[in-house]
Amino acid sequence: MKTVFRYVLLLFAVWLEACTHRDVVVPDALSAGESKLVVVCFISPQDSLLTAMVSRSRPLLDPNAEASTGIVNATVTLSDGQRSATLLYDGRLGFYQTLARALPVVAGQTYSLTVSTPDGRRARATSTVPSAVPLLNVALDSAFVTEGDTLRKRFSVRYQWAATGGRHYQAQGELRLQTSTGPVTQRIIFRDGQNDRGLVVSNAPGERLTSAPGLLGDVPANATFYARFTGATLRTHLLHVEESYYQYHTALARQRATDGNPFAEPVLIPTNIEGGLGCFAGFNRSTAVVQY
Amino acid sequence: MVALAHMGVGQPTSGRVFDALTLLPLPGVNVYTDDRRAGTITDANGTFRFDLLSADSVLLRFSLVGYEPAARWVIGTTPGQLTVLLKAGTTLQELTVRAKRLPTDSAATRLSALTLSAAQINQTPALLGEKDVLKALQLLPGVQKPTENNPGFYVRGGGPDQNLMLLDGAQIYNPNHLLGFFSAFNSSVIETATLIKGGFPARFGGRLSSVVELQTQTGSADSLRAEASVGLLAARAKLAGPLGRRANIAQRPTFVVAARRSYLDVVLRTLNPSYDADNAPTQTFFSDANASLNVPLGPRQSVRLSAYTSRDEYFSIQRQAGDARLGWQNQAASLRWQQALSGQQVATALVTFSQYQLNIENQQDIPLRVGLANRLALRYQSSIRDIGAQYEIRQQAGAHELRYGGQSTYHRFIPSAVVQNVAARQTATSRFIDALESGLYVDDTWAMNPRWRLTGGLRLSQYVTIGQGLLTRRIETPPGVMAPSVPDTTSVITLPGSATSVTDGRGLGSIPNYLRLEPRLAATYQWTPTLTLKASYAMMNQYVHLLSSTGVGLPADLWVPTLGGIQPQRAQQVALGIAKDLPKHGLALTLETYGKTMRNLISYTEGASFLSAGRPASAMPWADNVTSGRGWAYGAEVLLQKTAGRLTGWAGYTLAWVQWQFDALNGSRPFFPRYDRRHDAAAVAMYSLRPGLYLSAAWVYGSGNALTLPTARFRGFENVVTNQDEQRFGAGPNVREYGERNGFRAEDYHRLDLSIQFRKARKRLERTWEVGAYNVYNRRNPFYYSLEGESQGPSLPSRTVLYRYSLFSFLPSVNYSLKF
């Protein structure tokens, strides 16, 4: 009887296994969905070029994963309501551009961007360029950290400013290091628990804000910075940005940070592009240079 | 039974029927005239009402399975309330049990309340023959189930945490077994299950969407009864009967004990004989037990003690990589004292205890050198413990029936996740939060005249956080594991308002304290003897919340308190309904429509994850990843019941909408939550072929749930300030485009279940064979969807494929049970 019972259970378990099915499904929304225009354009009074990236989205179940999504034959026009400039595709750079003097970008001014393609797709967006907000302080710091069983000295930088403009800001920067083999330029990563893009939002007008620490590099604990580098130039940028800029970049960073984590909530990437995806936003940049 | 047949509009006769021992109201009591020309059934509160022709003098009879019948003369010219006490002790014939019906016909006084009896629960076909009270409730209109075979449910657009689930008065927080495939309640001890979807009586509070009241059996006073059953999934046993041999059967204490345990771990062990291998099998089992003791203390007093425990374990033992374990437990107990006071008053005092604990442990060994490992452990521990007290008076005063009292519940929440080294004599630290939730309430049901019946209620609810602090416990170190060189990484999640010192357990930055009034109103108008119009309004507040990453009630969800920036949820609901009896055909039809608004709903923010791969859980404090918003729901429900004859059952249909709007989700645009389902239908039929042979069938249908799936990819270029022009948009890695949150609809769900019961009664025992089939036409319903990469061949890039996973295609079952 015991043996019979055991076989009955075994049969039951096999049946349970067989009851789980996996089928490929191809919903229209994921396969036959028409690709959308993706327009990314950021304008600033400090830039010498007006630039825009135009591409298309690819349906998720599109089997042709390596096909290029770039669009090279779009008509891209920037306008301030009175004057306009057409951005032309630059094959070397891979995006559309024109000189900034064709349409000066001024703080407080609203600009519109229009993109159309020969197959009839059209996208449009507007942006108002924020005012400049000065950097008040750039603080360099170092700390001992443990990596595995090695003690190292890590260098970082923090910016300070007052939220005298709007609520949204971004810290960016470049470090140009002089080495024995020549200069090396690296982008500074500002990382905290929320994002790794140096994005900051203020809670009150005039609030004094501090960026996340921006990692400059590290050296062995018993070494000095100058033992490895002969000099450095730190270019610090504080960007006063529009809310749409902040939301778009925050979502990009969050989606990338949770990529592959099955427990994470999905991150939707917002867009202010009518008829497409992406972001068109203005920013105003304050720069300070620190020379070592 | 025939409902209100041949009766004209006349003097109203109403009353309530109670258990003579426990003084609990008795639902489902047959009330009929001596000539059997008219009758009705008591509702969930033991109340009945129908009209007698004027100048009639009739003998009303009262009968219920397991009770001695009673009779009362009623003079038609003297309307009033009857109070009837039924004594336990007589077992009626089986067919009488089958005649028991849902008291939702025109005589039912309350809108949006439905009751299922034990007979209905046990005759409804179920997966693997495991009768399930919550799945039976899912078959009623207005209740939507989340996914394949999950017993959680969503009532009128409410979330899974918005259902107040009471087992003999004690709250149950996680009513799931086996990762949600079965409910945690043993149906063999459930006497009645009452679901209230709207128009809530004032004595209920603390949840927005529904109340599920489960009453367990009290045990027979005449003789000892035993019951045992064996199925493919679990075995169960029950023993019930009197304690002692007092001559007065009404004064005998009675008891019920029951237990159930699953076999699945045995099955999996059989499947995997290599139990001791390095990659040992995952094992799982569940168990639960119920016990109750009912003690009459004289003719006017009784005491009832009820206890319940359930346990689930899901674990794998991997010698190389460490153990993984998931488990949860419910414990509940209640002590109810009732006394009939002078006049028409009944006093009830209730003390309850309930506790829910969830433990997830996942250990991983990081080799340090030969023979020595550093073992890191993720410990995810969440618990909520309640101690409650309630005192209530029920009083009949002329045409008014009053019910007033107060209740208070002391909550202790421990929502935490810890990553730490496992080392000798190390301790784990968790933060607890204590809160007190109280309510004062009064309900007045006023029979204004023969046609109108009004119920007005008011509840004053209060919630206050009492304190919070730290708990530590010692962690035992497994042999061969130590961490001599790596510093302790124990950390505790932080909570809003806890920036000040909290180590003394009283250091709160801000103490949430809410005092809120909740008006309730219900009205019924008896248009004709067989047609009643009903309306209700209710405002509800909810102070405890379920923080869910999936919305399907998986055990990893966290119960969290109202705290700091998390406000109490609030809902207002209006419902209108019509109840129509068709006595010639033994049918009762109910139509209801409702509208509900909800505020301060909570959800994880986009990108939030409590269990974040490769990152300490402590780096993701839950309160920092919560956002709040509002919601609204509306819909219509139809329920047609057949309550008499050899064929009984019901058919229900729900047309519903629910939408949420959160500032931080979906770009502030409204969206459908995961459990929005436009159409939901169920039909349940039970047919008596002949005495001892019963057929039953259930067909369910639901349109697809709302899910968030990416629809496209695009290159996510960003702004980079640089002198190198070619880098000013960054690398542009692929990102996913989701469109609208929950913008993807799963495929429709439907299936047919059948079962046949063969019962044979012998002199001292009854045996039942039940053969059933789940999903008879083998529909592959979606359980979940998964996007996975698939190779297209050498030198070709892999492509993304969407898989639909289905569980439980055609699945037969057999159960055998014995009753002594």
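The values are calculated or read from the model by the stated rules, or taken from the named source; none is laboratory data. These figures come from a predicted structure and were not determined experimentally. Virtual Cβ from ideal backbone geometry, glycine too; neighbours counted across all protein chains shown. What goes into the accessible areas is simple: the full protein's heavy atoms, side chains included, and nothing from ligands, DNA or RNA. Shrake-Rupley method; radii C 1.70, N 1.55, O 1.52, S 1.80 Å.
Remarks
- Checking each residue in region A:261-292 for being facing chain B (nearest Cβ under 7 Å) and either modelled with pLDDT under 90 or part of a loop (DSSP other than H, G, I, E, B) (or both) picks out A:N261, A:F263, A:A264, A:E265, A:P266, A:V267, A:L268, A:I269, A:P270.
- Annotation: B:T216 fulfils all but one of (1) within 19 Å of B:L233 (Cβ to Cβ); (2) touching a residue at least 60 places away in the same chain (Cβ under 8 Å); the unmet one is (1).
- Of all residues in region A:122-151 being more than 20 Å from A:P45 (Cα to Cα) and touching a Gly at 6+ places or on another chain (Cβ under 7 Å), the one that is least open to solvent (accessible area, probe 1.4 Å): A:A123
- Positions within region A:152-173 being under 25 Å from A:G231 (Cβ atoms) and surrounded by 19 or more Cβ atoms within 10 Å (Cβ to Cβ), in sequence order: A:S156, A:V157, A:Y159, A:A171, A:Q172, A:G173
- Search result, residues across region B:749-798 that are outside any strand (DSSP E or B) and in contact (Cβ under 8 Å) with a residue 60 or more places away in the chain: B:N781, B:P782, B:F783
- B:Q407 being at pLDDT 70 or above, in a strand (DSSP E or B) and either at positive phi or in contact with a Gly (Cβ under 7 Å, 6 or more places away or on another chain) (or both): yes
- Identity of the residue in region A:26-40, open to solvent by 20 Å² or more (accessible area, probe 1.4 Å) and either within 30 Å of A:T86 (Cβ to Cβ) or at the interface with chain B (Cβ under 8 Å from one of its Cβ atoms) (or both), that ends up modelled with the lowest pLDDT: A:G33
- Among the candidates A:V105, A:V54, the residue that is crowded, with 18+ Cβ neighbours inside 10 Å and in a strand (DSSP E or B) is uniquely A:V54.
- Here the condition is being within 10 Å of chain B (Cβ to nearest Cβ) and either open to solvent by less than 20 Å² (accessible area, probe 1.4 Å) or touching a Leu at 6+ places or on another chain (Cβ under 6 Å) (or both); of A:L252, A:L216, A:L234, it holds for A:L252 alone.
- If the condition is being farther than 24 Å from B:V700 by Cβ and either among the small types (G, A, S) or surrounded by fewer than 13 Cβ atoms within 10 Å (Cβ to Cβ) (or both), then region B:793-807 contributes B:G793, B:P794, B:S795, B:L796, B:S798.
- Candidates B:A746, B:A712, B:A731 - the one that is crowded, with 21+ Cβ neighbours inside 10 Å, over 27 Å from the mean Cα position of the chain (by Cα), within 14 Å of chain A (Cβ to nearest Cβ) and not basic (K, R): B:A712
- For region A:41-74, the candidate set comprises residues that are hydroxyl-bearing (S, T, Y) and closer than 28 Å to A:A29 by Cα; within that set, the residue that is nearest to the other protein chains (Cβ to nearest Cβ) is A:S57.
- The residues on offer are B:G158, B:G205, B:G199, and the sole one that is at positive phi, open to solvent by less than 20 Å² (accessible area, probe 1.4 Å) and either of a type in the set (A, V, I, L, M) or not in a strand (DSSP E or B) (or both) is B:G199.
- Flag for B:P812 being open to solvent by 30 Å² or more (accessible area, probe 1.4 Å), closer than 30 Å to B:P691 by Cα and within 11 Å of chain A (Cβ to nearest Cβ): yes
- Of all the numbered requirements in (1) open to solvent by 40 Å² or more (accessible area, probe 1.4 Å); (2) part of a strand (DSSP E or B); (3) more than 10 Å from chain B (Cβ to nearest Cβ), A:T98 misses one, and that requirement is (1).
- Listed here are the strands (runs of 3 or more DSSP E) enclosed by region B:524-614 that have at least 2 residues being at pLDDT 90 or above and open to solvent by 20 Å² or more (accessible area, probe 1.4 Å): B:531-542, B:569-582, B:587-604.
- Search result, residues across region B:642-669 that are open to solvent by 20 Å² or more (accessible area, probe 1.4 Å), within 14 Å of chain A (Cβ to nearest Cβ) and not hydrophobic (A, V, I, L, M, F, W, C): B:D663, B:G667, B:S668, B:R669
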